[in-house]
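For reference, the structure discussed in these notes is given below.
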Amino acid sequence: MNTKAFIPRNFVRNFIFKAINLLLCLTLIGVGVLGAKPVMADVYVKAFLEGADFSGRSLQGFQFNESDLRNTSFVNADAHGVSFFAANMKESNLTGANLSYSTLDNARLDKANLTNAVIEGSFAYGTSFNNVIIEGADFTDVDLRPSTRQKLCQVAKGKNPTTGRLTRETLECD
């Protein structure tokens, strides 16, 4: 006597389709009722975004690799973990931005405003910081060239309002 239960193939297929439809409906209801928005990260590689305004936006997961971001505004943006590899960010406004754990390597931040920005834990070894404003910026555990660190120490001042850390101390200035 065979004791195995027999389950028709159509039953399994119908069950899977109904489960997927239920999950999709619950997702759409949650988005509509709760006002939640699906999280989608944008990828901008070699994009021309000069003068764009990303102020106050959550940019987690975004990539701006090798993009032209001159004169772009990131005021109070949450750019935690964002990749700006080799981006041209000359004269950009990053006041109050959260750039922690971001990739800034080979980016050009010349004449950029980093007032009160949090750059903690970011990789910026080959980044250009000529004539940059860093009052109140937090550079805790940022990977920088020794010559870049010395240059930043010459203009470092202020205390970051978010982390409470002194800019000079986060740069490990003498």
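Values quoted throughout were computed directly from the atomic coordinates according to the rules given, and no laboratory measurement underlies them. Here the structure is a predicted model, which is why all the values come from computation and not from measurement. Glycine also receives a Cβ, built like all others from the backbone with ideal geometry; neighbour counts cover every protein chain displayed.
In table form, for the structure just shown:
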| item | result |
| --- | --- |
| Cα-based equivalent ellipsoid of region 98-174: semi-axis lengths in Å, sorted from largest, via gyration tensor | 16, 13, 12 |
| Separation in nanometres of the label points that stand 7 Å from Cα toward Cβ, at residue 163 and residue 151 | 2.1 nm |
| Neighbourhood charge, 10 Å Cβ-Cβ cut-off, centred on residue 46 and excluding it, Lys, Arg +1 and Asp, Glu -1 | -2 |
| Mean Cβ count within 10 Å, highest first, over the residues of peptides 165-171, 94-100 | 94-100, 165-171 |
| Taking region 39-174 and dividing mean pair separation by its residue count, relative contact order in percent (alpha carbons under 8 Å, at least six apart) | 15 percent |
| Coarse-grained scattering of region 39-174 at q = 0.12, 0.14 Å⁻¹, given as base-10 log I(q)/I(0) from a Debye sum over alpha-carbon atoms | -0.38, -0.52 |
| Sparse-neighbourhood loop sites, trypsin sites (Lys or Arg not before Pro) in region 74-131 - DSSP loop, at most 13 other Cβ within 10 angstrom | none |
| Spatially proximal aspartates and glutamates relative to residue 46 (Cα-Cα < 20 Å; intrachain offsets below 8 disregarded) | 66, 68, 91, 105, 110 |
| Calculated FRET value between residue 45 and residue 125, using beta carbons and R₀ = 25 Å, to 0.05 | 0.75 |
| Nearest-0.05 FRET efficiency for residue 106 and residue 172, computed from C-beta distance (R0 22 Å) | 0.45 |
| Euclidean distance between Cα centres, region 79-136 to region 139-162, Å | 11 Å |
